[in-house]
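Reviewing the structure listed below.
The values are calculated or read from the model by the stated rules, or taken from the named source; none is laboratory data. Only a predicted model underlies this, so the values are computations on that prediction, with no experimental measurement involved. Here the Cβ positions follow ideal geometry from the backbone for every residue, glycine too, while neighbour counts run over all protein chains shown. Each accessible area value is taken on the protein alone, full model and side chains, heavy atoms only, with ligands, DNA and RNA left out. Shrake-Rupley method; radii C 1.70, N 1.55, O 1.52, S 1.80 Å.
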Amino acid sequence: CGDRVEVTGVLKDGRWELKTEGSGCVVSQASASMMAQAMEGRLTEEAKGLAAAVVRWMSDRGPQPDLSGEGLEDLGALEGVRRHPGRAKCACLAWSLFLEGA
């Protein structure tokens with residue numbers, strides 16, 4: 001689709017600090033920003049588990065992740081995107097990149 005997202009991360013004391021940069025549709029860019037915020041301070045296994053849950057959820061292959069945790073409430077805004085598979089791919093872009101690189 002032409003969207004571009006760059007995810008850079010640093011582990012400090014075993015916890016993630018992520019930054020995203022890119023260009024493309026509002027869905028991919030907003031989701032990337034939400035991901036960076038949601039991953040802030042998480043341990044690797046916890047962060048990977050969350051990313052996998054979001055990708056499964058957005059791909060309509062899993063239940064909605066528990067969004068009651070700190071930094072996760074905004075993810076509920078992606079609920080409507082799930083009904084549009086082409087847009088769901090945009091929302092999964094940064095999360096999938098994190099899974100590949102973590």
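For the stretch 1-98, the set of GluC sites (Glu not before Pro) satisfying both a DSSP loop assignment and a count of at most 16 other C-beta atoms within 10 Å is given as 40, 70. Ligands, DNA and RNA left out, the 1.4 Å accessible surface of the stretch 38-95 is 52% carbon and sulfur atoms. Modelled spin labels at residue 73 and residue 102, positioned 7 Å past Cα toward Cβ, are 2.3 nm from each other.
Placing 3, 60, 74 in order of accessible area, with the largest value first and a 1.4 Å probe, yields 60, 74, 3. Could you tell me which trypsin sites (Lys or Arg not before Pro) in the stretch 7-102 are loop residues by DSSP with no more than 14 other beta carbons within 10 angstrom of their beta carbon? Passing sites in the stretch 7-102 are 61.
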